[in-house]
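Okay, structure first, notes after.
The values are calculated or read from the model by the stated rules, or taken from the named source; none is laboratory data. From a predicted model like this one, the values you see are computed outputs, not experimental measurements. Cβ placement follows ideal geometry from the backbone for every residue including glycine, while neighbour counts extend to all protein chains displayed.
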Amino acid sequence: MNHGKKVVLSAVQPTNQIHIGNYLGAIKNWVQYQNDYDCLFFAVDLHSITSGKVIDPKELRENTYRAIATYVACGIDPNKSTLFIQSQVPQHAELAWVLTCNSSMGELSRMTQYKDKSQKAGAHIPAGLFTYPVLMASDILLYNTHLVPVGEDQKQHLELTRDIAERMNYNYQLEGAKTGEKPLFVVPEPMIQKTGARIMSLQDGDVKMSKSDPTAGACVFLNDSDKEIEKKFKRAVTDSGTEVKAEEQSSGLRNLLQIQACILGEEYNAVLSRYVGKQYGYLKVDTAHIVINAIGPIREKTEEILKDRTELDRILKVGREAARARAEKQLNEVYKRIGFIRE
Ligand code: AMP
Ligand code: TRP
């Protein structure tokens with residue numbers, strides 16, 4: 001732990017594979033915070049069972065290891081950041097219960113992600129889908145997090161987390177303390193990048209690239225081969241036009257330009273200006289190559305790390321022990337203020 005530094009925390013679900021939306025919108029940005037902040041990054045396996053579908057346990061285990069290996073391959077240094085698996089720190093689920101009792105049906109019903117996913121779920125809506133944002137709030141509040149780097153889609157969950165924190169800070173003030181003194185939780189802020197915060201499906205520029213999208217070619221995964229990446233970009237849906245125009249771009253074209261801008265660290269308009277008047281095909285092929293150059297080395301490194309399970313397990317042990325110690329301290333404080341008897 002780095003005393004005095006602000007806490008940065010974020011996580012990705014180990015459902016299916018990690019895609020370029022997760023990478024560009026989240027993980028890529030985490031790397032830069034490691035020197036200046038006290039960082040915690042983890043794989044949220046408890047979140048990955050909220051769909052209500054039974055996942056093959058072997059697949060879940062593999063994807064969880066893969067998520068951690070990917071973080072390391074992307075540049076998360078276990079010597080600088082606390083790197084762990086959510087279910088290995090039981091305090092996440094424990095605090096989630098307390099937060100559930102301090103949340104309302106109304107505010108959870110307003111979550112757009114819940115509305116979308118529950119509509120698709122049919123008659124059987126898993127209760128976990130409904131309470132999932134509370135578990136996310138628990139992940140964040142357990143470590144007195146100041147900043148949470150996430151994609152645009154998580155903004156509403158962050159707002160909910162702030163509301164819960166403020167409510168509990170008011171309801172559970174320290175005995176004898178003046179109002180607002182020594183609040184129970186730090187109220188966290190989201191950190192949302194300008195570019196890359198919302199990478200869209202390659203098959204529909206109006207929907208977010210998502211792990212759960214069954215459309216073939218919609219997602220580019222970090223472990224796709226160069227060939228697969230090229231094929232997906234060549235087949236990316238744009239519009240009925242043929243060449244890029246300066247005034248207006250369809251959502252599909254905007255997405256390709258945006259992906260380039262994000263990887264190259266350039267302004268959208270700078271990338272656009274290179275393609276004005278050119279055929280869509282150029283943009284597609286160039287984007288594929290830029291993506292291949294960016295994620296090819298990550299893919300290779302991830303595979304290498306995955307081969308050494310002993311080392312991965314060692315990294316995870318160090319991470320969970322550090323996380324548990326911090327989480328236990330905060331949970332004790334919460335339990336004490338509520339009036340639960342501690343040993
Ligand atoms: P998830 O895939 O839901 O576990 O998301 C993990 C992280 O990736 C979160 O910070 C999301 O906001 C971010 N993310 C997911 N999909 C996208 C996307 N299409 N574009 C940008 N960021 C994304
Ligand atoms: N809900 C996030 C997502 O699906 C993942 C997540 C869970 C998370 N807990 C978190 C992100 C805590 C940031 C902080 O993208």
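Scanning segment 52-85 for residues that are out of contact with any Ser or Thr (no Cβ under 9 Å at 6 or more places or on another chain) and among the polar types (S, T, N, Q) yields a total of 3. Scanning segment 207-221 for residues that are away from ligand 2 (no atom under 14 Å from the Cβ), in a loop (DSSP other than H, G, I, E, B) and touching a strand residue (DSSP E or B) at 6+ places or on another chain (Cβ under 7 Å) returns 207, 219, 220.
Looking across segment 40-59 at every residue that is aliphatic (A, V, I, L, M) and at pLDDT 95 or above, the one that is surrounded by the fewest Cβ atoms within 10 Å (Cβ to Cβ) is identified as 46. Scan segment 307-343 for residues that are surrounded by 14 or more Cβ atoms within 10 Å (Cβ to Cβ), touching a helix residue (DSSP H, G or I) at 6+ places or on another chain (Cβ under 9 Å) and aliphatic (A, V, I, L, M) and the total you get is 8. Looking at 102, 79, 16, just one residue is touching a Lys or Arg at 6+ places or on another chain (Cβ under 8 Å) and away from ligand 1 (no atom under 14 Å from the Cβ), and that residue is 102.
Residues that are within 30 Å of residue 169 (Cα to Cα), touching a His at 6+ places or on another chain (Cβ under 9 Å) and among the hydrophobic types (A, V, I, L, M, F, W, C) do occur in segment 121-135, at least one of them. Among the residues of segment 178-206, those identified as charged (D, E, K, R), more than 10 Å from ligand 1 (Cβ to nearest atom) and either crowded, with 17+ Cβ neighbours inside 10 Å or assigned to a loop (DSSP other than H, G, I, E, B) (or both) are 178, 181, 182, 194, 204, 206.
When residues in segment 143-154 are screened for being within 8 Å of ligand 2 (Cβ to nearest atom) and in a helix (DSSP H, G or I), 2 of them pass. Checked against the criterion of being more than 9 Å from ligand 1 (Cβ to nearest atom), among the small types (Gly, Ala, Ser) and assigned to a loop (DSSP other than H, G, I, E, B), segment 53-71 contains not a single residue that satisfies it.
When the helices (runs of 4 or more DSSP H) confined to segment 102-142 are screened for residues that are under 22 Å from residue 207 (Cβ atoms), those reaching at least 2 such residues are found at 112-121, 127-141.
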